[in-house]
1. Could you work out how far helix 149-163 tilts from the main Cα principal axis of the chain, as a 0 to 90 degree angle to the nearest 10?
2. Which value in deg cm²/dmol, rounded to the nearest 500, describes the helix-derived mean residue ellipticity at 222 nm for the chain, given -39,500 (n - 2.57) per DSSP H run of n ≥ 4 and division by the residue count?
3. If you take the square roots of the eigenvalues of the alpha-carbon gyration tensor of the chain and sort them as a ≥ b ≥ c, do you get rounded (a/c under 1.5), prolate (a/b over b/c) or oblate?
4. Among 139, 95, 210, whose mean-square fluctuation peaks in a Gaussian network model of the chain (Cα, cutoff 10 Å)?
5. Decide, for region 165-313, between rounded, prolate and oblate: order the square roots of the alpha carbon gyration tensor eigenvalues as a ≥ b ≥ c, take rounded if a/c falls under 1.5, and otherwise choose prolate if a/b is larger than b/c, else oblate.
6. Treating the angle as unsigned and between 0 and 90°, give the value, to the nearest 10°, between the Cα long axis of helix 230-241 and the longest Cα principal axis of the chain.
7. I want to check the label-to-label distance for residue 50 and residue 141. Put each point 7 Å from Cα in the C-beta direction and report it in nm to one decimal.
8. Mind ranking 158-164, 14-20 by how tightly packed they are, going by the mean number of other C-beta atoms within 10 angstrom, highest first?
């Protein structure tokens, strides 16, 4: 997988698949973390390329035009950064939400071919968009291509954690979606010293009566089921404080309620452990941002689902398309 450089894009008309799938409320971007993550690649493309056509998706309109999922707030965000002149001159263009077209999610070749007409070099800077789609797995096969700088960083960091973590290695899994997280738990349990499980996963794992590896510690929940118990927090303290590598995906309780403090306590222990710490998942990142702790983690992944998929499978369809 080649990584974008100035020489690759020099004088080229670049199609930049960007991660514009950010939360929008009443026409305003609530969290621009993903947009900021790709700025180094965007600037490189604008500095050295002839032009940049930015493409991406927001939400799940399923081939319908949904005004609330328009790219207009992203366009405004770009204007308010340093890109207003590039937008006015046409050097930078932002296409409308790709998922307004049925061909995007269907990974349609004809639709991908129509997108290819916008440029002569393709850069993928949307790590979080890992499922096969026209713009992520078909379009790069039609043009010379490279991974964006942040995309490549995500792959390098997460692959290293999966293949060669520092020891002791602790994995923390919370949130829900057992179908997404169980394969990761099973895979990382083979590498990790301990896997700690909390949040909605606890009830679901118990309901399904799954046979888990012996180094997977499933926490106890509070009586209302909205946080891990105090006993569990105490039992996990020395494990986390003694770790050299930690990966965390998913809150361990309903963090929106300030009385549920376990996740915040765990976050403090992680940042004070001195361990290499990787965190991912929208809810976890939002909570850490609210607490002013996000910058204290070694690496923050832009993709929750993509992070889990890469950790469990060792690759992604989007990575394979760039090879």
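Read-outs throughout are calculated quantities, based only on the coordinates presented, and are distinct from any laboratory measurement. These numbers were taken from a predicted model, which means no experiment stands behind them. Cβ sites come from the backbone with ideal geometry, for glycine too, and all protein chains shown count toward neighbours.
1. 30 degrees
2. Numbers: 15 runs with 128 residues, N = 323.
Mean residue ellipticity at 222 nm (helix-derived): -11000 deg cm²/dmol.
3. Working: a/c = 1.98, a/b = 1.84, b/c = 1.08.
Prolate, since a/c reaches 1.5 and a/b exceeds b/c.
4. 210
5. Details: a/c = 1.24, a/b = 1.04, b/c = 1.20.
Taking the square roots of the gyration eigenvalues as a ≥ b ≥ c, region 165-313 is rounded.
6. Compared with the principal axis, the helix lies near 70 degrees.
7. Taking the simple label geometry, residue 50 and residue 141 are separated by 2.7 nm.
8. Details: 158-164: 16.4, 14-20: 27.1.
The densest-packed peptide leads the list: 14-20, 158-164.
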